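Data first, discussion second: the structure below is written as structure tokens.
The values are calculated or read from the model by the stated rules, or taken from the named source; none is laboratory data. Please read these numbers as outputs of a predicted model, since none were measured by experiment. FYI the Cβ positions are ideal-geometry reconstructions off the backbone, even for glycines, and counts take in every protein chain you see.
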Number of protein chains: 2
Amino acid sequence: MPHAEKTAITPTREQDFPEWYQQIVRVAELAEPRDVRGCMVIRPWGFGIWENMQRQLDAMFRATGHRNAYFPLFIPLSHMQKEAEHVEGFAKECAVVTHHRLELGADGKMRPAPAAELSEPLVIRPTSETIIGATYAKWVQSYRDLPVLINQWCNVVRWEMRPRLFLRTTEFLWQEGHTVHETEAEAREETRRMLDVYETFVRDRLAIPVFSGEKSESERFPGAVQTLSIEAMVQDRKAIQAGTSHFLGQNFSRASGIQFQTRDGKQEFGWTTSWGMSTRLVGTLVMTHGDDDGLVLPPRIAPTHVVIIPITPKEESRAAVLEMCTKLAAQLRRGSYGDGPIEVEIDQRDLGGGVKSWEWIKKGVPLRVEIGPRDLESGKVAVSRRDQPVKAKEVFATEGFVDRASEILNSIQRNLFQRAMQFRDTNTRVIDTREEFYDFFTPKNASKPEIHGGFALAYWNGSRAIEDEIKADLKVTIRCIPLADPAHPSEPGKCIFTGEP
Amino acid sequence: MPHAEKTAITPTREQDFPEWYQQIVRVAELAEPRDVRGCMVIRPWGFGIWENMQRQLDAMFRATGHRNAYFPLFIPLSHMQKEAEHVEGFAKECAVVTHHRLELGADGKMRPAPAAELSEPLVIRPTSETIIGATYAKWVQSYRDLPVLINQWCNVVRWEMRPRLFLRTTEFLWQEGHTVHETEAEAREETRRMLDVYETFVRDRLAIPVFSGEKSESERFPGAVQTLSIEAMVQDRKAIQAGTSHFLGQNFSRASGIQFQTRDGKQEFGWTTSWGMSTRLVGTLVMTHGDDDGLVLPPRIAPTHVVIIPITPKEESRAAVLEMCTKLAAQLRRGSYGDGPIEVEIDQRDLGGGVKSWEWIKKGVPLRVEIGPRDLESGKVAVSRRDQPVKAKEVFATEGFVDRASEILNSIQRNLFQRAMQFRDTNTRVIDTREEFYDFFTPKNASKPEIHGGFALAYWNGSRAIEDEIKADLKVTIRCIPLADPAHPSEPGKCIFTGEP
């Protein structure tokens, strides 16, 4: 599909989606790989997005009664082994600490000191169920100690052979909630509540529509009874798991010994849950909203809402232009948007206006305002919205723009959500037969085997054999079994592969 | 010194300061050790204090132009070695990752998979100069790219043989600022600026007075040209280093290759700084303000400012009492204190009022309000301040208390600072002779060898030999050489040990 206009990003999404993604992450200065295999540096602009995610999600966790705490980075190997499925699920990707000192070797180079080998190796947490479980076992004695509602923001490590910035990295940042409840019903309710928190957050703040549902057995968290997830469709029509919430039953409390005295004086194991969301979400955001000119940020999550670019071709009007910029910035900052003030940056760097403008386009800032000598007299400003074509500008009287800035940001936020929703709906189909299913997932263009149908909504008998078969034939995975929507209850149906219920 | 009153904490500070500290950390539910040697779990109350420190300090970093980013946990061994003094300084306490997979051994137990041994071991960051330096070397090309002003909040690991919660732990949380500048003068200015930020933060938010100064050569950060620190005196009259700021000269930029084109077209190495503050500060806070009944929190850093304890002896008045508590909480929360609302908690747990009250005393909440059936009629509330004796109460008309809450919190904050200042001044002496110095630092009570004089302000010739001698004789260390105070310029003097200048 040839483009009439030149785009800032090469290749385009259409030409090579995975490479387009790498380019966006690079040119928007979100992150870059470091020499340690699979590790990344999150640059200030990318980290600013993550900080906004953290702050907003954290407020939602607090509002649902959770408090933050911090647990150790290291998990003794013996702890990991307590839950058999769990250790098996993570064994292949564990980074292991075996020494606690370096020394100078005979070759003049530093090496791990043989005398400082640990008697028990330490695993760097890939997730913290086991170490937190051991702690909760001490805290929980009676039903009066329940529920325990704790969250942790931290780094985790899962060794990654095929890393991709944000989406799959050896070290990543995340939050992990860990709760203990008195009854199964309460724990199941918590599992669902936190999935809803994720869905709300992703929809209202990141402008990403998702399907919520239950994972099939093969995709379940190792050791969980039930795994719920939210699944987003990004612009290559593939799914990204954007958050998961696990009902762990009594598996981990049995393994860790989280026992309590019930209201009628008996001993019972606690019912636990865990739920997490990670820096992968930054990658999901890029893939959902980015276009061929760069990143496009939903205003609710953008570190900067408005960038003001002074255009100062002549030295004599320079001071006056900068003064107008400063004044506008101050006025805008007095306005509020979302849960804080409008965030404004004046780009005073010693570079041409065009160069600066393109940098901010690539970084995805929602609104750009250029102010030059002519605007001084007219008292007007030209405003560009990132959700519109890059050359589009709307001219406002300065005061009028200040008054409307928050409303314009809201309109961008809505527009991005609607676009994403439309894309997803266009590429999601209800499928009734095996033939239709295979056709939907067979790439139409042999040169781009990664572009296939999208999401299929289909009945399935729940068997692992079918799941393995479609994965082998089509590289298609069952993402989730959608949760019942009270407004549109789903009816029992027949498996499109076997005809079974 | 026998106490007439029974105290909540045994032993008292006077009886056994180190053990008193451990007790406070435990009963105030700040943190607890975990089975991994030297690692701790930071419990929600302790983590709430750390989150407040983070939030407030972070705002000060932003106000001085810094932005946050994130760098990898792992440092390849070859990176660590680039700065010779640096690797030598940290080699003895490095945790080393050598494997990236577990497998089932012949004994049925998991072990690091021999086939998954790393070709180059990875050090878990004890600090990030080297990994960040390697990144900056790519980012910095020209003087236009300078200054680089970045901070990182993260966990670091320094293997600890004699751990103490918060004060010395194998893993701890901290922030590390890393900046690059065009000139030596700018870098030195930054080093000093960030020390001032720390001093202001610790004084105004934690109510801790400190001495600011330069570290002697032996206490300098490995690889630094100059290390500045702020030193607090805690209640055993010893010093705790509460924050450090390092001028690194061109040492690390030479090692990492951070080079830039100057304004006149030459190539020069960047001038770098780094500065950090850690969870050790929570321990410093405990040791500065705690008393024999528990923790005492300066309001500016307390996760909760006011706790309301409903006293409901009779079932019939229960609902009305709870309603009055809820109403008071809502009124208080509308008020502001520091940079946010007044934080209020209603303790509705099914426990006796006395038990609850003592828990909050031990946790150090600034204000406690008990509300019982009699208060319903009178419209009055009895308020206890944590900086007053535990039994002291002041009775307010409810409205009057709401109006004055913020002012009372300010008064507690001031009072705690003045107390700490008085303690420090009482135990700091200007010393002119070697005899006086030895006398000052010789414990007066043989059964409590840890209680000695306090801080000595004395002239010293700067020699390492003297430093080693007083350390060997008295276990006394030179904490810092105070920075010149423009109001009280220090005059040259003669070393009290040698008579040299």
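Worth a mention:
- In the range A:32-61, the residues that are of a type in the set (Gly, Ala, Ser) and at the interface with another protein chain (Cβ under 9 Å from one of its Cβ atoms): A:GLY46, A:GLY48
- Filtered residue count, the range B:323-346, keeping only those that are within 13 Å of chain A (Cβ to nearest Cβ) and outside any strand (DSSP E or B): 2
- Among the numbered conditions (1) part of a loop (DSSP other than H, G, I, E, B); (2) over 30 Å from A:ARG193 (Cβ atoms), the only one that A:GLU32 does not meet is (1).
- The range A:17-41 - residue that is modelled with pLDDT of 95 or more and among the acidic types (Asp, Glu) and, of those, surrounded by the fewest Cβ atoms within 10 Å (Cβ to Cβ): A:GLU19
- Positions within the range A:347-373 being among the β-branched types (Val, Ile, Thr), more than 23 Å from A:MET53 (Cβ to Cβ) and more than 14 Å from chain B (Cβ to nearest Cβ), in sequence order: A:VAL369, A:ILE371
- Odd one out for A:VAL225, checked against (1) modelled with pLDDT of 95 or more; (2) buried (at least 23 other Cβ atoms within 10 Å of the Cβ): (2)
- Scanning the range A:15-31 for residues that are in contact (Cβ under 8 Å) with a residue 40 or more places away in the chain and more than 18 Å from the chain's Cα centre (by Cα), we see that the one that is farthest from the other protein chains (Cβ to nearest Cβ) is A:PHE17.
- Residue satisfying all of: in the range B:290-307; outside any loop (DSSP other than H, G, I, E, B) and touching a strand residue (DSSP E or B) at 6+ places or on another chain (Cβ under 6 Å); surrounded by the fewest Cβ atoms within 10 Å (Cβ to Cβ) among these: B:VAL307
- The range B:87-129: number of residues that are in contact with a Lys or Arg (Cβ under 6 Å, 6 or more places away or on another chain) and either hydroxyl-bearing (Ser, Thr, Tyr) or over 18 Å from B:GLY177 (Cα atoms) (or both): 6
- For the range A:161-191, filtering for residues that are of a type in the set (Gly, Ala, Ser) and at pLDDT below 95 leaves 0.
- Residue count for the range B:42-71 under the criterion of being buried (at least 23 other Cβ atoms within 10 Å of the Cβ) and either without any contact (Cβ under 8 Å) to a residue 40 or more places away in the chain or not assigned by TED's automatic domain parsing to the domain that holds B:SER278 (or both): the result is 1.
- Some residue of the range B:64-80 being under 22 Å from the mean Cα position of the chain (by Cα), more than 7 Å from chain A (Cβ to nearest Cβ) and either within 15 Å of B:TRP174 (Cβ to Cβ) or not in a strand (DSSP E or B) (or both): yes
Here is a yes/no grid of residues against (1) in contact (Cβ under 8 Å) with a residue 12 or more places away in the chain; (2) in contact with a strand residue (DSSP E or B) (Cβ under 7 Å, 6 or more places away or on another chain); (3) in the same structural domain as A:ASN461 (by TED's automatic domain parsing):
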position	(1), (2), (3)
A:GLY352	no, no, no
A:PRO373	yes, no, no
A:ALA382	yes, yes, no
A:GLU407	no, no, no
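- Restricting the range A:123-177 to residues that are over 19 Å from the mean Cα position of the chain (by Cα) and assigned to a strand (DSSP E or B), the residue that is surrounded by the fewest Cβ atoms within 10 Å (Cβ to Cβ) is A:SER142.
- Residue identified as under 29 Å from A:ASP145 (Cβ atoms) and surrounded by 20 or more Cβ atoms within 10 Å (Cβ to Cβ) among B:LYS362, B:LYS314: B:LYS362
- Residue within the range B:88-95 that is more than 7 Å from every other protein chain (Cβ to nearest Cβ), touching a Phe, Trp or Tyr at 6+ places or on another chain (Cβ under 9 Å) and surrounded by 21 or more Cβ atoms within 10 Å (Cβ to Cβ) present: no
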